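Student: The structure under discussion is supplied below as structure tokens; questions concerning it will follow.
Taken together, the values in this text are just the output of simple stated rules run on the coordinates, not laboratory data. What you see is a predicted model; the values in this text were computed from it and never measured. Neighbour counts are summed over all protein chains in view; Cβ atoms, including those assigned to glycine, are modelled from backbone coordinates with ideal geometry.
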Amino acid sequence: MPDAPALILALACLGVALAAAVARPSWLPEPLAAAGGAALLVALGVESAADAGDALADLAPTVAFLAALLVLADGCRRAGLFEAIGALLVGHARQRPRRLLAFVFAVAAAVTAVLSLDATVVLLTPIVFASAARMRTSPKPHVYACSHLANSASLLLPVSNLTNLLAFHASGLSFTRFAALMVLPTAAAVAVEWLVLSRFFAGELDRPRVARPPDEERRRLPRAPVAVLAVTLAGFGLSSPLGIAPVWVAAAGAAALTLPALVRGTARPAALVRAAEPGFLVFVLGLGVIVAAASDRGLASAVGAVVPAGDSLLALLAIAFVAAALANLVNNLPATLILVPVVAAAGPVPVLAALVGVNVGPNLTYVGSLATLLWRRVLHHEDTEVDAGEFVRLGALTVPAALAAATVLLWFAARLV
Amino acid sequence: MRALVWIVEDTWEMTVDEAAAYLPADAAVTLLHVAPADVEHVAGAAGRGLLGRRRPPEPERPLRAISDAAAEALLADARARLGREAELRARRGRVEREVVAAARDADLLVLARDGDHARLGPRSLGPAARFVVDHAPCRVLLVWPDAPPGLDTIPPPPGDHPPRPPRADRTHPRRPRP
């Protein structure tokens with residue numbers, strides 16, 4: 001098939017898969033849409049079976065890594081880690097909203113970095129909401145902080161975000177070098193969030209409060225998940241000197257938390273399989289094949305014409321802002337799949353700049369991308385009683401500054417380490 | 001007389017105390033709390049941004065339950081602090097509009113300032129209280145959530161500058177203020 005119609009077909013399949021993931025119609029689950037699209041492209045000869053196989057083989061370790069991390073986070077939830085974090089937040093905040101926000105920042109950044117943004121969004125945010133309710137303070141600053149840090153703090157480690165996992169594999173960096181390059185950009189992004197959020201919500205945070213007795217309950221974190229996470233992190237750090245792929249470290253961590261629960265009967269095998277989200281894994285694989293087909297048939301060269309090459313400061317800034325725009329256009333997962341192979345040719349640092357963009361950019365909205373937000377409005381999935389204006393204003397204040405600060409520090413770190 | 005007392009999390013105690021002090025003994029009191037729908041929505045909707053993950057159960061259910069339980073407990077504590085009979089009303093939505101709508105059949109609305117509490121002035125009202133005060137369909141008792149700031153926190157009127165010292169004085173080092 002000639003390139004032009006092939007590219008159009010591949011982009012149409014990409015559009016259908018993304019639309020299915022956003023709209024979630026009951027008659028077309030998104031794993032089916034993505035896998036079906038990929039199969040259709042191979043059947044029509046847009047992508048050869050060999051190329052599709054290569055794309056799958058390329059993605060397989062990343063998807064296995066993701067499955068292990070999802071099971072690990074679910075094991076932490078089962079072990080009561082997140083409830084304990086909630087009690088810790090309320091205890092340490094000592095009835096002071098600004099203190100609570102500071103601890104929410106610390107906890108959300110740590111959970112995002114170690115257990116990925118999924119854990120912060122799905123598992124930590126309700127806990128933070130409940131902590132603010134328990135302290136009888138306005139929940140808004142704390143919930144918005146969680147939502148923002150899930151993205152901004154997800155720069156640090158390859159395991160902090162699925163986009164990082166995808167790029168990590170392509171960048172050829174070791175786990176520790178990735179973290180060493182990203183520590184300053186993450187700190188910069190989190191600092192920008194703190195400066196903006198603590199001022200934006202000054203009204204809520206500085207309300208006079210009658211002295212209330214501090215919450216005495218100060219539970220400790222459960223030992224087992226914290227120990228497993230610490231050992232797993234150390235294992236990630238040692239994986240490249242020891243020559244072990246980090247996916248095995250993640251699998252060992254997941255097994256260490258899950259096997260005892262299986263033996264004791266507190267977790268059922270079916271629940272573990274659900275925790276790994278097989279449907280989502282299929283969706284990622286399908287999306288990978290579709291994007292590979294589109295890239296081979298001209299998308300990569302089109303994107304390459306827009307994205308500057310090289311790792312000068314200006315090039316990195318341009319890559320980060322283009323990546324942020326693309327993430328808002330189509331959501332950050334396909335944006336990463338499209339961008340990373342294009343920028344990887346110029347080395348690992350441009351790949352990390354693209355990550356800064358796709359990870360921080362989605363903070364412009366609370367549903368991952370402007371496209372998703374508008375789409376949901378059009379489909380009337382969004383409650384029209386809800387005023388999204390404040391969240392979008394907050395995004396406009398933080399995203400450009402965080403992008404610029406993080407990218408400049410990435411450029412600096414690349415010269416330093 | 002029907003009195004509506006709007007309480008929010010941080011400042012509910014002072015609002016209730018002022019209401020107890022200033023409402024007539026025969027007033028029929030309603031205590032109102034409004035949960036901001038946008039916060040619950042943001043907390044739940046971030047999950048929808050995780051493209052392609054389908055995690056049962058939808059996180060909004062527990063959030064709603066947490067929010068409802070917290071509002072119920074807050075209203076009950078407020079009634080206990082008020083020390084008299086009161087109807088309890090929990091609402092959810094755009095806070096300022098829900099409060100104005102609830103004040104429709106009230107004779108008096110009691111609320112606390114929700115802005116800068118260190119200075120007298122328009123900034124002592126945040127956006128929500130500002131909207132409610134501007135649109136209230138009844139009398140309003142607007143209380144300070146702590147001791148009101150002093151009159152000296154008002155900036156001088158424009159053009160009213162303190163007399164300048166003679167130019168020659170300015171070359172001298174400044175005397176420390178008493």
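Student: Sequence-distant or interchain residues sharing an amide H contact under 5 Å with B:Gly93, placed H: which?
Tutor: So B:Gly93 has HN proximity to B:Ala35, B:Ala37.
Student: Could I ask something else about it? Over the protein assembly as shown, what number does the Rg to Rh ratio reach, with both radii from the alpha-carbon atoms and Rh per Kirkwood?
Tutor: My calculation puts Rg/Rh at 1.04.
Student: While we're on this one: For the stretch B:121-126, just list the computed ³J(HN,Hα) in residue order, Karplus coefficients 6.51, -1.76 and 1.60, θ = phi - 60°, integers in Hz, with x standing in for Gly and Pro.
Tutor: Per-residue couplings from phi come out as x, x, 6, 6, 10, x Hz.
Student: Now for a separate question. Tilt of helix A:3-23 relative to the longest C-alpha principal axis of chain A, in degrees (0 to 90, nearest 10)?
Tutor: Helix A:3-23 and the main axis of chain A meet at about 20 degrees.
Student: Rank A:Pro2, A:Leu18, A:Pro260 by how far each Cα sits towards the positive end of the charge dipole of the protein assembly as shown (+1 on Lys, Arg Cβ; -1 on Asp, Glu Cβ) and give me just the farthest.
Tutor: About the Cα centre, the residue reaching furthest to the positive side is A:Pro260.
Student: May I ask you to evaluate 6.51 cos²θ - 1.76 cosθ + 1.60, the Karplus curve with θ = phi - 60°, for each residue of the stretch A:234-245 and list the ³J(HN,Hα) values in order in whole Hz, giving x for glycine and proline?
Tutor: After applying 6.51 cos²θ - 1.76 cosθ + 1.60, I find 4, x, 4, x, 8, 4, 6, x, 7, x, 9, 5 Hz.
Student: Sticking with this structure for a sec: Taking other Cβ within 10 Å of each residue's Cβ, how do A:Leu157, B:Leu23, B:Leu111 sort, fewest first?
Tutor: B:Leu23, A:Leu157, B:Leu111
Student: Can you give me the angle between helix A:140-152 and the longest principal axis of chain A, using Cα atoms only, in degrees from 0 to 90, rounded to the nearest 10?
Tutor: 40 degrees
Student: Across peptide B:111-119, how many C-beta atoms of other chains are within 10 Å of each residue C-beta, on average?
Tutor: 2
Student: Return a whole-number percent for the relative contact order of chain A, with Cα pairs under 8 Å and 6 or more residues apart as the contact set.
Tutor: 24 percent
Student: Return the FRET efficiency for the residue pair A:Val263, A:Ala396: r is the Cβ-Cβ distance, R0 is 45 Å, and the value is rounded to the nearest 0.05.
Tutor: 0.30
Student: If you place +1 on the Cβ of every Lys and Arg and -1 on the Cβ of every Asp and Glu, how big does the dipole about the Cα centre of chain A come out, in debye to the nearest 20?
Tutor: That gives chain A a dipole magnitude of about 1740 debye.
Student: Counting other C-beta atoms within 10 Å, which of B:His135, B:His33, A:His92, A:His142 has the fewest, and how do the rest follow?
Tutor: Final ranking by Cβ density, sparse to dense: B:His135, A:His92, B:His33, A:His142.
Student: Another question, then. Using a 10 Å cut-off around each Cβ of peptide B:64-73, what is the average number of partner chain Cβ atoms that fall inside?
Tutor: Per residue, the number of nearby Cβ atoms from other chains is 3 on average.
Student: At most 15 other Cβ atoms within 10 Å and a DSSP loop assignment: could you name the trypsin sites (Lys or Arg not before Pro) in the stretch B:60-109 that fit?
Tutor: B:Arg84
Student: Rounded to the nearest 500, what is the 222 nm mean residue ellipticity of chain A from helices alone, with -39500 (n - 2.57) per DSSP H run of 4+ residues and division by all residues?
Tutor: Calculated mean residue ellipticity at 222 nm is -24500 deg cm²/dmol.
Student: Could you pull out every residue, at least 5 positions away or on a different chain, whose amide H is within less than 5 Å of the one on B:Arg2? Hs are placed 1.01 Å off N in the peptide plane, and Pro or chain starts have none.
Tutor: The list, which skips near neighbours in sequence, is B:Ala28, B:Asp107, B:Leu108.
Student: Okay, next question. Calculate, in nm to one decimal, what B:Arg2 and B:Arg104 gain on full extension: separation in residues at 0.36 nm each, minus their alpha carbon distance.
Tutor: 35.6 nm
Student: Next question. B:Val140's amide H: which non-local residues (gap 5+, or another chain) put their own amide H closer than 5 Å, with H modeled 1.01 Å from N in plane and none for Pro or chain starts?
Tutor: Amide H to amide H, under 5 Å and 5 or more residues apart or across chains, B:Val140 pairs with B:Leu109.
Student: Let me ask something additional. When Rg is the radius of gyration of the Cα atoms in the stretch A:6-78 and Rh is its Kirkwood radius, what does Rg/Rh come to?
Tutor: 1.08
Student: Follow-up. Just to check I understand the Karplus step: with θ = phi - 60° and J = 6.51 cos²θ - 1.76 cosθ + 1.60, what whole-Hz values come out for the stretch B:140-152, glycine and proline as x?
Tutor: Per residue, the Karplus-derived 3J(HN,Hα) values read 10, 10, 9, 10, 7, x, 8, 4, x, x, x, 4, 5 Hz.
Student: Now for a separate question. Say a site is exposed when it is one of the GluC sites (Glu not before Pro), sits in a DSSP loop, and has at most 13 other Cβ atoms within 10 Å; what is then the longest site-free stretch of chain A?
Tutor: The segment A:1-215 is the longest one with no such site.
Student: For peptide A:130-141, compute the average count of partner chain beta-carbon atoms within 10 Å of each residue's beta-carbon.
Tutor: Neighbouring Cβ atoms belonging to other protein chains average 5 per residue here.
Student: Could you pull the Rg and Dmax for the stretch B:2-155, using just the Cα atoms, both in Å?
Tutor: 17.6, 58
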